[in-house]
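One structure is given here, and the rest of the page talks about it.
The values are calculated or read from the model by the stated rules, or taken from the named source; none is laboratory data. This one's a predicted model, so the numbers in the text were calculated from it and none came from an experiment. Using ideal geometry, Cβ is built from the backbone for each residue, glycine included, and neighbour counts are taken over all protein chains shown.
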Amino acid sequence: MKTKDINVAILRIEGTNCEQESYDAFKRLGANPEFVHLKQLLHIDCDKNEIRDLSQYQCLMVPGGFSAGDYIRAGAIFAARIKSKLQTPLKNFVEQEYPVLGICNGFQVLTELGLLPGIDTIISPIPDACLNINDSNRYECRPTLLKHENKGKCVFTKNLKKNEIRLIPSAHAEGKLMFPLEKQNEYLKKLENNDQIVFRYVDPDGNYAGYPWNPNGSMSNIAGICNHIGNVFGMMPHPERSFYRYQHPDWTQTGLSPSEGDGQAIFTSVVDYISKRF
Amino acid sequence: MMFEAKVTVRLKKGISDPEGVNTLKALRLLGFENVKNAQTTRMFNLMIDGKDKKTVQKDVEQMCQRLLTNPVVHVYEIEISEQK
């Protein structure tokens with residue numbers, strides 16, 4: 001399909017606050033993003049002309065922010081509201097291999113929803129992972145270095161080379177990815193074998209170095225994972241905030257063209273995937 | 001019949017509790033050096049209109065599984081009392 005016909009739902013509820021940058025990222029690439037309030041998909045409290053269905057879109061994105069005030073746990077309320085009515089349409093959407101992206105709070109929502117890690121199921125009835133409070137017990141907000149470790153499964157990073165390091169900013173208080181303690185190693189092995197690990201935090205030399213390079217204490221320095229199909233992807237850092245090179249803190253020193261920032265490849269990859277696949 | 005359900009959510013043993021650790025540190029800075037440990041828990045008080053205690057217990061278990069806790073990191077206790 002043509003890029004201009006790719007409809008992207010940028011899903012929001014109260015407390016979402018990264019929808020504009022997310023919208024702009026897709027718009028700048030020529031796709032057709034739309035802000036969609038969850039109520040429009042649930043068909044409550046909206047006019048007839050505002051009603052939407054998931055089947056009208058080729059990509060779903062849950063942007064960052066502090067949905068529902070991060071009450072209970074970050075992302076838990078947004079996930080519960082989605083689950084209330086959209087579990088089946090969402091499962092169908094993922095089964096048809098349409099891409100779903102969750103950034104920061106969006107990653108927390110996809111985890112609480114049971115869509116990630118998605119090791120052998122599309123959507124698990126109770127969460128299989130958790131994005132817990134950062135080890136530092138603080139909101140960590142700064143540029144982070146991510147090493148791309150995916151071998152080709154994730155549809156959101158096809159335009160990145162393996163082991164390439166990208167600078168993408170992080171800004172979160174709950175980003176520590178955890179699996180059930182007794183199954184941690186088993187999950188990690190499965191994720192590695194399934195090629196589901198997409199990004200890990202590294203230091204400037206490309207080594208796994210823990211805090212502060214890993215801002216949250218995430219298991220095995222993981223910053224982003226995809227499901228077993230490769231079409232549901234969640235990451236804590238914000239690629240929409242480094243879409244252009246001039247958004248990088250050091251761009252005037254690098255002498256690189258201001259046009260492409262380190263986060264842009266996430267969006268070009270998925271737009272390319274949709275235009276080829278559908 | 002009305003029931004009150006008190007749900008206490010704690011972190012599982014072995015899961016780090018940075019909020020608890022920081023609270024402990026701050027309490028000690030204030031001079032409370034006798035505090036040996038601090039753990040954070042969260043409590044929900046729910047008023048539930050239900051048939052009997054057993055049914056309410058079952059419902060609250062579901063609520064814990066589906067929203068109030070993340071079973072990866074949390075354990076919970078439920079205390080139910082009938083309201084008169």
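Values computed for the structure shown
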| read-out | value |
| --- | --- |
| Odd one out for A:Lys4, checked against (1) crowded, with 17+ Cβ neighbours inside 10 Å; (2) at pLDDT 95 or above; (3) of a type in the set (D, E, K, R) | (1) |
| Top-ranked residue of region A:63-98 - restricted to ones that are within 16 Å of the chain's Cα centre (by Cα) and of a type in the set (Phe, Trp, Tyr), ranked as farthest from A:Phe179 (Cα to Cα) | A:Tyr98 |
| Residue list for region A:114-144, filter: of a type in the set (D, E, K, R) and in a strand (DSSP E or B) | A:Glu140, A:Arg142 |
| Test: residue in region A:99-113 that is assigned to a loop (DSSP other than H, G, I, E, B), at pLDDT 95 or above and within 14 Å of the chain's Cα centre (by Cα) | yes |
| Residue satisfying condition, being more than 14 Å from chain B (Cβ to nearest Cβ) and aliphatic (A, V, I, L, M), within set A:Leu191, A:Leu181, A:Leu131, A:Leu177 | A:Leu191 |
| Yes/no for A:Val198 being surrounded by 24 or more Cβ atoms within 10 Å (Cβ to Cβ), in contact with a strand residue (DSSP E or B) (Cβ under 7 Å, 6 or more places away or on another chain) and among the aliphatic types (A, V, I, L, M) | yes |
| Test result for B:Thr8, surrounded by 15 or more Cβ atoms within 10 Å (Cβ to Cβ) and either under 24 Å from A:Met178 (Cα atoms) or acidic (Asp, Glu) (or both) | no |
| Selected residue (only one of A:Arg241, A:Arg245 is touching a residue at least 12 places away in the same chain (Cβ under 8 Å), surrounded by 22 or more Cβ atoms within 10 Å (Cβ to Cβ) and basic (Lys, Arg)) | A:Arg241 |
| Residue under evaluation A:Lys147, criteria (1) buried (at least 18 other Cβ atoms within 10 Å of the Cβ); (2) touching a residue at least 60 places away in the same chain (Cβ under 8 Å); (3) in a strand (DSSP E or B), criterion not met | (2) |
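Rundown of residues vs (1) of a type in the set (Gly, Ala, Ser); (2) in a strand (DSSP E or B); (3) away from chain B (no Cβ under 14 Å), yes/no style:
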site: A:Met1; (1), (2), (3): no, no, yes
site: A:Lys4; (1), (2), (3): no, no, yes
site: A:Tyr23; (1), (2), (3): no, no, yes
site: A:Asp45; (1), (2), (3): no, no, yes
site: A:Ser55; (1), (2), (3): yes, no, yes
site: A:Ile72; (1), (2), (3): no, no, no
site: A:Leu86; (1), (2), (3): no, no, yes
site: A:Asn92; (1), (2), (3): no, no, yes
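So that you can scan it fast, the table gives a plain yes or no per residue for (1) closer than 26 Å to A:Phe66 by Cα; (2) over 16 Å from the mean Cα position of the chain (by Cα):
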{"site": "A:Arg166", "(1), (2)": "yes, no"}
{"site": "A:Glu174", "(1), (2)": "yes, no"}
{"site": "A:Pro180", "(1), (2)": "yes, yes"}
{"site": "A:Glu186", "(1), (2)": "no, yes"}
{"site": "A:Lys189", "(1), (2)": "no, yes"}
{"site": "A:Asn194", "(1), (2)": "no, yes"}
{"site": "A:Val198", "(1), (2)": "yes, no"}
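One line per residue, one yes/no per condition, for (1) at the interface with chain A (Cβ under 10 Å from one of its Cβ atoms); (2) touching a residue at least 12 places away in the same chain (Cβ under 8 Å); (3) within 17 Å of the chain's Cα centre (by Cα); (4) under 21 Å from A:Pro125 (Cα atoms):
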position: B:Ile15; (1), (2), (3), (4): yes, yes, yes, no
position: B:Ala26; (1), (2), (3), (4): no, no, no, no
position: B:Leu29; (1), (2), (3), (4): no, no, no, no
position: B:Glu33; (1), (2), (3), (4): no, no, no, no
position: B:Thr41; (1), (2), (3), (4): no, yes, yes, no
position: B:Thr69; (1), (2), (3), (4): yes, yes, yes, yes
position: B:Val75; (1), (2), (3), (4): no, yes, yes, yes
